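Read the structure below first, then the notes.
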Amino acid sequence: MINATAHTYHAEPTEEALPSRGRVGMVCLIATEAALFSIFVVAYLFYIGKSLIGPYPAQVLEVPMLPTICLLASSATIMLAERALRQGYGVLFKGWWFLTMLLGVAFLYATAVEWYRLIFTHHLTISTNLFGTTFYSLVGFHAMHVTVGLMLLTLVLILSLCGYVTQAQSERVAALSLYWHFVDVVWIVVFLVVYVIGR
Amino acid sequence: MAFEYPLARPQAEAPRLPLLVQLHDWVVTVDHKRLGIMYVCTGLLFFAVAGLEASIMRWQLAFPNHNVVAPEVFNRLFTMHGTTMVFLVGMPLILGLANYLIPLMIGARDLAFPRLNAFGFWLSLFGGVLLYFSYLGGEGLSGAGTAPDVGWFAYAPLTERAFSRGHSTDYWILSLLVSGIGSVATSINIVTTVFCMRCKGMTLARMPLFVWMLLVVAGMILFAMPPLTAAQLMLLLDRYLGARFFDTQAGGSAVLWQHFFWIFGHPEVYILMLPGFAAVSEIIPVFSRKPMFGYAAMVGATLAIAFISMGVWAHHMFTVGMSAMANAFFTASTMLIAVPTGIKIFNWLATMYGGKIRFATPMLFCIGFLFQFLCAGLTGIMLAASPFDWQLSDSYFVVAHFHYVLIGGLLFTIFAAIHYWFPKATGKMLSETLGRWHFWLLVIGFNLTFGPQHIAGILGMPRRIYTYAPGRGWELWNLLSSVGVAFQALAVLFFVWNVIRALRQGPPAGDDPWDAWTLEWTTTSPPPEYNFETLPEVQSRRPLWDLKHPHDPDWHHE
Amino acid sequence: MNRPVYPTNIFDPVSTPAQAIIELSWLVLWICAGIFVIVVGLLTYILIRFRHRRADTDEPPQVYGSTQIELAWTVIPLLTVVVLFLVTTRTIRAVQSAVPPAEALQVTIVGHQWWWEIRYPALGIVTANEVHVPVSDRARPQPTFLRLESVDVAHSFWVPRLAGKTDVIPNRDNHMWIEPFEAGLYLGQCAEYCGTQHANMLLRIMVHSRGDFERWVAAQQQPPVRDLSVQAGRDLFQATACVNCHTVRETVANGTFGPDLSHLMSRATLGAGVVDNTLQNLQAWMKNPQHLKPGNLMPDMKLTPQELEHIVAYLATLK
């Protein structure tokens, strides 16, 4: 059995700073999810103006400024949380992290309110027409990702309160916050497609 | 200079554990080697099943108006055959090879996320079981046993509730969703492993071509799988929540499904084929006794194929009624992809040129691959010319083309890979004699089955028909095609016999039976669970060549 | 020449678009044949010349690559592809950009599971599974332009000797054209899997001389035969569920789910080509359509033997 080792040759070191596995793995996940969202976005764009019956977007959609601000702000707060953890400030980390979660919950609550209005006041459901189909699937898919993100954030908060999340874990937390930023970026795209272009 | 390496305790001396404990170890394993073997075994098992499905179909089609199975049964057979072969045979086989070999080739101890690896495998297996459960479990209006019957690409609106009653289509959707997640999980694992866990000295430019190509394949899966997943979710929403994605009565578009499916489907066939290229790129150099000719070009061609393959999908839709501009664009991109593929063939030929070719079984399969994949590529060019495709699309010509790619190409390379790496994985050598019987029977059977199908297609025979009337000139070609099945079945039996015989009484393989040059040949056969006692350090693309030829190592030339 | 004529051989075109396709196809085939000969020749030579000889134990010279050679085998295929592409584009344009001349015959093809509805909007004719068109001669070309619609799932209209196939997709209007220059019968069938009886969705295109075509049109435009001797059958037909699916012009039967039966006996086959249109087969079909074409969408009407006799007698008069 032979294990190759250099003897007369000095090996060129591979990049000593090989990226962390968690980060690369998360980037891959984000790439694949981005591809998934793209298809729903394409379907949305393709079906703009093709509904045979109403209600139509311009009639029923209201631009969700507040939820958008909440979600975008949550990206900022999660960045602050991440920085706090890396610098070792446990309490500050928990605070910003919790604020991120609150903003996420606020976003979901606003989505729920909007859907309630659309379904019960305007009678727009997923089976009403093409607009309903593409709207609920795209926005719903995004909301699902926010929900999953919130569940993971909650898990980290609980672990943190139990004392398991330390400065050494900051790479792992960074991977999760990458996911949260991704969810945010998707919202920007969804916002543009649904509330700006599609209306 | 001699080295004293400590010898590991030989495997034979390890105490034999009770069977139940052994099985348990396999079920809970996160070792990439065991998962790799399980993936490959899964693929081969489903291969036998799908092969049986095909055999029944070929028996039905051997004669006009032949009445072997009812039309509904035939339609289920071709759907299950296609779905199984692509998702439950092709994907597990390539992911299994990747799983087994990548850590060994890059000098790592395992993949980046071993538990995710196990998760991905069991999802794939479960997805397969779910698909086949449909034969038993689906209760549709048409009676018991409702496997999906919508074709492996399940065009809308045939798959909508109105035209596909019962749950057969749901089994198709759900089983592929589940195994698709498994594939994506493994791809994330592969990409992370290759970027983060290469041994010292192994820059990206020094990785074996096998690793390069599987890295690209994993990346392709990350981008190509989601369109299918998304389309299937949309179909599920249509079927269960009344969504209108593909409901043509509500203004939905049947063509949209086709676009989404083929945006997945075309890269998918390159995903299946590239690992075959990867294996061949390892095997041909070793059996020609020369390094791969044009390593950089091979990497570049692989990247080009991956990139271009995301832009050719609508060549499956030339007959859908797209504009002349769209048809021209996809003709151009499809013909373009022939260039990097051709480059690879030339590079393989150039590797063999000036070498000293040994015709061991792995090499025989590689040579068969070269002939047959060439045919596949050329019929591909014919199909790329969209007007020609307006005649040939959806006919047996296309069936012949893609079987030349997937059997003549992929399957032959899989057999080459199995013959090449079986000694490493098991410590036993396969029999060359049985291997030759396997090879020649398969060559005869495969070409006899699929060669005549080109002609049947040219004579106007469409695909997916459960029977045909006499008088079209199709009888002879169908009969020949069906006769070939017997040879193929026999070939597979020889393979199975070869494997069983080798496992029981094959001669010991030793670490490096083929006198090869990459890192996996530095370990014992089979490798210990931890792969390497000390992680290796490399200075070139062929670390073992450097060790065996210290006066002319590769790093002088690279 | 005593060459057997295969009825659906794409290499035996009798219509302008099919002809254009085959001309391109021959070029592509020759180029591919050339590539095949070169590569296979090379491979064979290599396998023989460079096989390992038993006594030889040295490794051969290790060659890592050659920029010039690699450039050559990149550029040459690229040029070949460019040439092929340009030639192909010409054919695409020739076939797809054709504009129907004023004298073109317009036919609408409607795909159903598992039969073809054929409509001649300008002539007021509706029939099934058989398309009758006039032959086109070079002096006075009269192509036929087909509009393709579907009421259910995706189908594909393929008559190899007349044109390439075009898919028939619900909620999408596709068009194609044929320009046959030889009279005769041309066969085809559905080429997109559409369910259980996809295999038995056959097409018959009858290309007539001008005169014969006019005669056919006139016959089809006649109201359905009103033979008094089959009154019993006619009454039975109009009183039962038949009228929900079938049309017989100038009667109460105006269903559109199934084929128009006004001139049923003028057609050569039943069930979209699954059996010939004979009295015996008509009887078998009416007895239980599921026996002849299992899974098709006409249910067993559960007729008594007497009802069967009457209805078949009636249908047999619809020439």
- To the nearest whole percent, what portion of all C-alpha pairs in chain B is separated by more than 46 angstrom? 13
- Under the Kirkwood approximation for Rh and a Cα-based Rg, what ratio Rg/Rh is obtained for the stretch C:228-316? 0.92
- Within 10 Å of the Cβ of an average residue in B:72-80, the count of other chain Cβ atoms is 2
- Message: What distance in nm lies between label points placed 7 Å from Cα along the C-beta direction at A:Tyr89 and B:Leu23?
- Response: 5.8
- Task: Please name whichever of B:Met38, C:Gln68, B:Ser333 sits farthest to the positive end of the charge dipole of the protein assembly as shown, dipole taken about the Cα centre and charges placed at Cβ: Lys and Arg +1, Asp and Glu -1.
- Result: C:Gln68
- Item | Long-range HN-HN contacts of C:Ser150 with modeled amide H, under 5 Å | C:Gly111, C:Ile169, C:Asn171, C:Arg172
- Query: What are the residues whose amide H is under 5 Å from the amide H of C:Val275, where those residues sit 5 or more places off or on another chain and H is modelled from the backbone?
  - Reply: C:Leu270
- Quote the FRET efficiency, to the nearest 0.05, computed for A:Glu114 versus C:Thr278 with a Förster distance R0 of 45 Å and r equal to the Cβ-Cβ distance. 0.10
- Enumerate the residues in the stretch C:99-113 having an amide nitrogen under 19 Å from the point lying 7 Å beyond the Cα of C:Asp137 toward its Cβ. C:103-105
- Item | Antiparallel content of DSSP bridges confined to the protein assembly as shown, in %, to 5 | 70
- Task: With a point put 7 Å past each Cα toward its Cβ, work out how far C:Ala122 is from B:Leu241 in nm, to one decimal.
- Result: 4.9
- Message: I need the calculated FRET efficiency for the pair C:Ala183 and C:Ser97, taking r as the beta carbon distance and R₀ as 30 Å, to the nearest 0.05.
- Response: 0.65
- Task: Give the residues of the stretch B:328-352 whose amide nitrogen is closer than 18 Å to a point set 7 Å from the Cα of A:Phe46 in the direction of its Cβ.
- Result: B:330
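Can you flag which of B:Lys290/B:Lys548; B:Lys33/B:Lys344; B:Lys344/B:Lys428; B:Lys290/B:Lys344; B:Lys33/B:Lys356 are past 20 Å Cα-Cα?
Details: B:Lys290/B:Lys548 14 Å; B:Lys33/B:Lys344 29 Å; B:Lys344/B:Lys428 32 Å; B:Lys290/B:Lys344 16 Å; B:Lys33/B:Lys356 32 Å.
Exceeds cut-off: B:Lys33/B:Lys344; B:Lys344/B:Lys428; B:Lys33/B:Lys356.
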- Message: I need the helices of chain B that pass two filters: whole DSSP H segments spanning 30 Å or more by Cα along the axis, and mean Kyte-Doolittle score no lower than 0.0.
- Response: B:32-61, B:114-137, B:168-196, B:209-241, B:254-288, B:361-384, B:432-458, B:475-505
- Percent of Cα-Cα distances greater than 46 Å, calculated over the protein assembly as shown: 38
- Between B:Arg504 and B:Leu303, with labels modelled 7 Å along Cα→Cβ, what's the label distance in nm to one decimal, could you check? 5.1
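Per DSSP helix of 4 or more residues, -39500 (n - 2.57); summed, then divided by the residues of chain B. What does that give at 222 nm, rounded to the nearest 500?
-21500 deg cm²/dmol
Using +1 on the beta carbon of Lys and Arg, -1 on that of Asp and Glu, and nothing else charged, what's the dipole of the protein assembly as shown about the Cα centre, debye to 20? Each step should come with its number before you reach the end.
On the way: 65 positive and 66 negative charges, 108 e Å.
About 520 debye.
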- Item | Angle in degrees between helix C:67-96 and the longest Cα principal axis of chain C, rounded to the nearest 10 | 20
- From other protein chains only, count the Cβ atoms within 10 Å of every residue's Cβ in B:517-528, then give the mean. 1
- Between the stretch C:246-319 and the stretch B:281-343, what is the C-alpha centre distance in whole Å? 52
- Note on the structure: Expected sort for B:229-242, C:182-195 on mean C-beta neighbours within 10 Å, highest first, is C:182-195, B:229-242
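Only the coordinates and a few stated rules stand behind these numbers; no lab work does. Small disclaimer: the values here were computed from a predicted structure and weren't measured. No Cβ is skipped: glycine too gets one built from the backbone with ideal geometry, and neighbour counts run over all protein chains shown.
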